[in-house]
Amino acid sequence: MKTKFYKLNIFKNNKGVSKIIKLTLKCIIISILFTLTNTITAQTVNTTVASDINNRFSLLEKNRIPYDILLDYGFDFIEATQYDGVLRNDNYMSISTYKELYNTMVSSCTATGVLGIASPVQEYNEWKNLQQIENEVNKTTNTASMVLSGLLYNYSKFNVNALNNNKISVLFGKYDDKYINGVWQNPYDSEIAFAMATPALLINQPNVSVKLPATRVCATTPFNLG
């Protein structure tokens with residue numbers, strides 16, 4: 001018995017279906033173009049935001065900014081002032097929170113080559129690689145080895161009353177240093193950001209060992225772990 005194959009030509013025999021399909025394809029094309037336009041616009045906005053920030057802080061004497069890190073200059077991925085080394089109910093630490101705090105510090109740098117600051121990708125890859133090495137070493141044991149990562153940054157931010165107390169000027173939307181009788185007025189407060197995190201919150205081993213390599217401590221001031 002031979003199997004018969006029938007050819008259905010819905011485009012030829014059904015103008016209504018053909019119109020619906022063409023309309024659907026048109027909507028898909030419009031959606032793709034809309035997505036591409038939004039992506040390009042988002043990239044333009046991001047560039048515009050960065051340029052606007054640089055312009056807004058362009059008049060400041062950067063050498064006067066303590067530690068070359070100004071919180072007001074960066075992006076607030078997280079409320080950095082909560083992580084000052086004091087344990088509270090509102091500063092729970094996780095790996096995602098740690099990364100947000102680190103990214104906030106990186107974006108707040110007003111100079112290049114700030115001590116203890118490297119690209120986030122570089123930092124996270126190093127941490128990941130160290131943890132993978134420990135996992136491989138301990139894979140046949142009943143011990144989970146955790147590689148900690150810590151940060152300790154001195155940074156600055158504008159005093160909340162700097163403008164009202166005549167410690168800083170704003171000229172045409174730009175921050176500018178304030179001098180009174182030739183004396184520079186300090187608008188900055190000095191703060192500390194501290195955090196320490198593990199690469200995982202859950203483990204399935206009865207024993208745990210913890211390591212904090214010197215290379216996993218990011219700090220604006222060198223110190224000895226030993």
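Using all alpha carbons of segment 62-219, what is the percent of pairwise distances in each 10 Å bin, ordered from the shortest bin to the longest?
10, 33, 28, 16, 8, 4, 1, 0
Can you give the local net charge around L130? Use residues other than it whose beta-carbon is closer than 13 angstrom to its beta-carbon, Lys and Arg +1, Asp and Glu -1.
-1
Give me the distance in nm between label points sitting 7 Å out from Cα along the Cα-to-Cβ direction at V210 and T112, one decimal.
Those two pseudo-labels are separated by 3.8 nm.
Read phi for every residue in segment 74-82 and hand back ³J(HN,Hα) as whole Hz from Karplus 6.51 cos²θ - 1.76 cosθ + 1.60, θ = phi - 60°, with x for Gly and Pro.
Using θ = phi - 60°, the values come out as x, 9, 7, 5, 7, 7, 4, 5, 6 Hz.
Taking the alpha-carbon centroid of each part, what is the distance from segment 118-141 to segment 98-114 in angstrom?
21 Å
Please compute the length gained on full extension between T48 and E61, using 0.36 nm multiplied by the number of residues separating them and subtracting their Cα-Cα distance.
2.4 nm
So what is the relative contact order for segment 62-219, in percent, with contacts set as C-alpha pairs under 8 Å and at least six apart?
Numbers: 253 pairs, mean separation 52.1, N = 158.
Relative contact order, segment 62-219: 33 percent.
Please list, in chain and number order, the residues 5+ apart from I69 or on another chain whose amide H is under 5 Å from its amide H, with Hs placed from the backbone.
T110, S156
Taking H as built 1.01 Å from N, whose amide H comes closer than 5 Å to the amide H of S149, not counting residues under 5 places away?
Counting only residues 5 or more places away or on other chains, the set is A197.
Hey, got the dipole for segment 97-170? About the Cα centre, +1 on K and R Cβ, -1 on D and E Cβ, debye to the nearest 20?
With only Lys, Arg, Asp and Glu charged at Cβ, the dipole is about 300 debye.
7 Å from Cα along Cα→Cβ at both N142 and T221: what's the point-to-point distance in nm?
Placing both labels 7 Å beyond Cα along the Cβ direction yields 4.4 nm.
Readers should treat all values here as calculations from the given coordinates under stated rules, not as data from a laboratory. These numbers were taken from a predicted model, which means no experiment stands behind them. All Cβ positions, glycine included, derive from the backbone under ideal geometry; neighbour counts span all protein chains shown.
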